[in-house]
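S.K.: Structure below; questions to follow.
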Amino acid sequence: MTTLISFLGKGRSDSKTGYRPARYRFDAGFVREVPYFGLALTEYLQPERLVLVGTTGSMWDVFFEQQGADDGAVLPLFDAVATNSVDDTLLRDCEAHLSHKLGIATTCLLIPYARDIPEQSALLGRLAETVSVGERVDIDVTHGFRHLPMLALVAARYLAHVRRVEVRELYYGALEMTPAGDETPVLRLSGMLQMLDWVEALACYEKDGDYSTFSELLAADGMDSQRADLLSQAAFFERTGNPVKAKEKISSVFESVNAHQGALGGLFRDELAERIRWHRGSRREDWELALADAYLDRHDYLRATTYLYEAFITRAVFKHKLDPNDFRQREEAYDKERKTNPEAKDLEYLRNAMAHGVRSGNDQITRALASPRDLETRFRQLRKRLFG
């Protein structure tokens, strides 16, 4: 199902049509002169459904009069608009008329003025109620109150997450950008939605450290898709405890990220590059320590402790001149160290308690797992005593 959501405001620049007529230019072969942009957009997009959104005081009266609705349905609207009291019953007959005229299902949706948080959240709820899961939606923000385009951006993201709706485009008929005596440009604002995709990806990374969310975004922004996919591969290896392979993948893509000049990616390039810079360390234990610290900052305590534990083992392996990539030799190096280092035992107990969900017999570990603050304090103590 394809749906166009179009806002109706309180325009009164023309007593007969409400909005001032303009010649909207969608592309070289499609120009329409209309007072209400949403109808021209409906003709252009050919959606299966139109949702006309307005408040109890929007210009429903003038709009439906212009569309040729029956006088018996339109006249009560004039009084209702004047007193800010339009309701669903008054719109029902006009809604049916517009559906018949356009040849598509049409819904008139009353929304609050969105003056405060309760009304703003109610607006989102009303929009969510009127669309179905998986619909493809375009949103027209040309008319309506000036604060509604900002809410439309929020609505687009809300519907995408809550109703799994695909918001394809935001349209704006830019009347104020019309050259004297010329056509009015039609702006496509989906770039703002794409910017929000990047902001969300950054927020997701801050939460869980998974930079694979940037892979598809970089590819869409012009980076070679195979190179961009290296980020997904690196994230996979990092999050499955393989820092060597993760470093290998990041090293291969880092310069591409650092030099990326895409329109959107360029805004986030420095932030992303900074977040994958852990691979710059010269030794494996440096990478593992950097990852341990990063996961602690994100309160991912199991991964933080696991990487701290592995960093200790890696250092022990090199100390005893063994192979850091051989499991048995890593165990051998750790066994040698733990005999003389009680802090190493505590780190192992801490990791095991979290990994296996089994209560430790070590009182210090039990206390550490009593709260986030206690755990972070113990983690930092172990890190300092084991690594300085």
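Matching residues to (1) polar (S, T, N, Q); (2) within 24 Å of the chain's Cα centre (by Cα); (3) within 13 Å of Leu231 (Cα to Cα):
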{"site": "Ser252", "(1), (2), (3)": "yes, no, yes"}
{"site": "Phe268", "(1), (2), (3)": "no, yes, no"}
{"site": "Glu271", "(1), (2), (3)": "no, yes, no"}
{"site": "Glu285", "(1), (2), (3)": "no, no, no"}
{"site": "Arg298", "(1), (2), (3)": "no, yes, no"}
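S.K.: What are the pairs with Cβ atoms under 9 angstrom where one residue, in the stretch 150-164, is of a type in the set (Val, Ile, Thr) and the other, located anywhere, is assigned to a helix (DSSP H, G or I)? Sequence gap at least six, or different chains.
M.R.: Val154/Gln120; Val154/Leu124; Val162/Leu124; Val162/Ala128
S.K.: Go through the stretch 25-78 and count every residue that is part of a helix (DSSP H, G or I) and either among the hydroxyl-bearing types (Ser, Thr, Tyr) or over 17 Å from Leu4 (Cβ atoms) (or both).
M.R.: Result for the stretch 25-78: 16.
S.K.: Please work out if Thr306 is in the same structural domain as Leu347 (by TED's automatic domain parsing) and touching a residue at least 40 places away in the same chain (Cβ under 8 Å).
M.R.: Taking the combined requirement at face value, the residue satisfies it.
S.K.: When residues of the stretch 318-356 are filtered for being in contact (Cβ under 8 Å) with a residue 12 or more places away in the chain, over 18 Å from Arg385 (Cα atoms) and not in a helix (DSSP H, G or I), how many remain?
M.R.: Residues in the stretch 318-356 being in contact (Cβ under 8 Å) with a residue 12 or more places away in the chain, over 18 Å from Arg385 (Cα atoms) and not in a helix (DSSP H, G or I): 3 in total.
S.K.: Only one of Glu135, Glu129, Glu119, Glu166 is within 30 Å of Leu196 (Cα to Cα) and touching a Pro at 6+ places or on another chain (Cβ under 7 Å). Can you tell me which?
M.R.: Testing whether each residue is within 30 Å of Leu196 (Cα to Cα) and touching a Pro at 6+ places or on another chain (Cβ under 7 Å) leaves just Glu119.
S.K.: Then there is this: Residues in the stretch 243-259: is at least one among the polar types (S, T, N, Q) and either at pLDDT 95 or above or crowded, with 17+ Cβ neighbours inside 10 Å (or both)?
M.R.: No; the residues of the stretch 243-259 include none that is among the polar types (S, T, N, Q) and either at pLDDT 95 or above or crowded, with 17+ Cβ neighbours inside 10 Å (or both).
S.K.: What number of residues in the stretch 264-280 are within 24 Å of Arg315 (Cβ to Cβ) and crowded, with 16+ Cβ neighbours inside 10 Å?
M.R.: The total comes to 3.
S.K.: Sticking with this structure for a sec: Scan the stretch 191-231 for residues that are of a type in the set (Asp, Glu), assigned to a helix (DSSP H, G or I) and more than 18 Å from Glu271 (Cα to Cα) and report the count.
M.R.: Going through the stretch 191-231 one residue at a time, the tally reaches 1.
The values are calculated or read from the model by the stated rules, or taken from the named source; none is laboratory data. Only a predicted model underlies this, so the values are computations on that prediction, with no experimental measurement involved. Heads up, the Cβs are rebuilt from the backbone with ideal geometry, glycines too, and the neighbour counts pull from every protein chain shown.
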